[in-house]
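The values are calculated or read from the model by the stated rules, or taken from the named source; none is laboratory data. Just so we're clear, the structure is a prediction, and the values are computed from it rather than from any experiment. Positions of Cβ are generated from backbone atoms using ideal geometry, with glycine treated the same way; all protein chains shown enter the neighbour counts. Ligands, DNA and RNA are stripped out before the accessible areas are found, and what is left, the full protein with its side chains, is counted by its heavy atoms. Shrake-Rupley method; radii C 1.70, N 1.55, O 1.52, S 1.80 Å.
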Amino acid sequence: MITLETLNLEIDGPKATIYLNRPDKKNAMNPQMHRDMHEVLDAIEAAGDVSAVVVTGNGDSFSAGMDLEECFLQPFDNPMEFYRTNLVALDWFKRLKAFPAVTVAKVNGFAFGGGVLVTGLCDLAVASEDATFGLSEINFGIFPAGGATWATAHNLPRKQALYYILTGDTFTGAQAEQFGLVNKTVPADQLDEATDRIVRKLVRKNPTTLRLAKEVYEHNRTTALPEAIDYDQAKLWELSRLTGNEWINVALKQFEKRAYQPGLSTYSRSGAAS
Ligand code: COA
């Protein structure tokens with residue numbers, strides 16, 4: 001366990017968990033947390049073999065979003081300080097979205113503004129049924145920024161996105177699941193197990209394949225079919241080369257022996273090269 005001022009990081013083989021750790025402030029993200037976040041992302045990348053990263057909050061909140069006092073109110077009169085403070089945050093938001101490992105938000109309680117943003121930027125998300133989400137920005141006079149409108153537009157249907165952006169009303173974990181912001185909601189006491197179940201599936205896959213699957217998805221969702229096909233074919237050759245053709249030499253050889261049914265389960269990676 002790595003303990004920083006505002007975050008804890010646990011790395012357990014291919015799984016890492018980042019705990020936002022300002023429970024007294026509902027895990028509001030202050031400038032120190034933004035700096036700490038770069039440090040834990042560096043540590044996860046340096047570990048080299050992490051393929052799934054869970055982001056969650058200590059206490060009764062996922063995150064109450066940006067620390068309104070430390071990030072906005074206090075530095076506002078000094079433009080360069082304001083710019084620099086928030087750039088650290090904006091940089092890790094972009095970094096999280098493009099992170100090579102699969103990212104999973106485990107949303108336990110309040111998720112406002114930046115909390116919705118982080119949930120939306122993660123590749124997958126699980127929430128407790130009683131989680132409370134909200135785009136509260138309109139309630140203090142701005143619109144969701146720093147990627148929060150982007151994350152809302154990319155995760156909620158248009159009418160729902162605009163409704164919550166414009167009213168600042170809250171929505172529950174169950175509604176978040178209905179909108180598609182989270183994959184699944186469960187009673188709070190089942191949140192850990194439900195998240196672990198997904199992570200256990202992920203870490204059995206080839207990590208390079210997971211990374212390239214994310215890249216192909218992100219690229220191809222905004223491109224025309226001919227370009228998408230060219231891109232995925234190029235990435236398939238990249239994958240083959242980077243993994244020593246594991247899909248042919250291990251996965252499909254096991255299928256040839258009828259060792260598993262790919263429609264229902266995954267091949268065994270023990271003994272695989274990468
Ligand atoms: N920025 C700074 N401080 C925050 C914060 C934020 N985003 N969210 C919570 N806090 C602080 C509270 O001000 C309070 O501080 P204090 O103990 O010094 O008074 C402490 O965290 C606990 O919060 P409190 O409001 O007492 O808890 P609650 O359970 O009654 O309410 C919330 C929780 C999340 C509903 C409420 O704190 C809130 O509305 N927070 C702001 C949410 C928001 O708009 N976020 C910005 C998104 S960009």
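Count, please, the residues in region 212-231 that happen to be open to solvent by 30 Å² or more (accessible area, probe 1.4 Å) and under 23 Å from the mean Cα position of the chain (by Cα).
Qualifying residue count, region 212-231: 11.
Consider only pairs whose beta carbons are under 8 Å apart and that are at least six residues apart or on different chains; among these, list those whose first residue lies in region 115-141 and is under 18 Å from A28 (Cβ atoms) and assigned to a strand (DSSP E or B) and whose second residue is away from the ligand (no atom under 13 Å from the Cβ) and open to solvent by 40 Å² or more (accessible area, probe 1.4 Å).
These pairs meet every condition: T132/T172; F133/T172; F133/Q175.
Only one of these conditions is not met by P144: (1) of a type outside the set (G, A, S); (2) near the ligand (Cβ under 10 Å from one of its atoms); (3) assigned to a strand (DSSP E or B). Which number is it?
(3)
Going through region 15-55 one residue at a time, which ones are within 16 Å of the ligand (Cβ to nearest atom) and polar (S, T, N, Q)?
N21, N27, N30, Q32
From the list L117, L121, which residue is within 13 Å of the ligand (Cβ to nearest atom) and within 16 Å of the chain's Cα centre (by Cα)? Step through it out loud before you land on a result.
Values: L121 fails: within 13 Å of the ligand (Cβ to nearest atom).
None of the other options fit; the residue is L117.
Please state which of the following conditions L135 fails to meet, knowing it meets all the rest: (1) open to solvent by 10 Å² or more (accessible area, probe 1.4 Å); (2) within 13 Å of the ligand (Cβ to nearest atom).
(1)
Just to be sure I understand the filter: pairs with C-beta atoms under 7 Å, separated by 6 or more residues or on different chains, first member in region 161-177 and closer than 17 Å to F62 by Cα and open to solvent by less than 10 Å² (accessible area, probe 1.4 Å), second member of a type outside the set (G, A, S) and part of a helix (DSSP H, G or I). Which pairs pass?
Matching pairs, first to second residue: F171/Y164.
Is it fair to say L73 is within 13 Å of the ligand (Cβ to nearest atom), free of Cβ contacts under 8 Å to residues at least 40 places away in the same chain and touching a strand residue (DSSP E or B) at 6+ places or on another chain (Cβ under 8 Å)?
No; evaluated as a whole, the condition is false for this residue.
Scan region 19-44 and report the pairs whose first residue is closer than 17 Å to A111 by Cβ and whose second residue is small (G, A, S) and open to solvent by 50 Å² or more (accessible area, probe 1.4 Å), with Cβ atoms within less than 6 Å and a gap of 6+ or a chain change.
P23/G59
Quick one: which of G180, G173 is within 16 Å of the ligand (Cβ to nearest atom) and at pLDDT 95 or above?
G173
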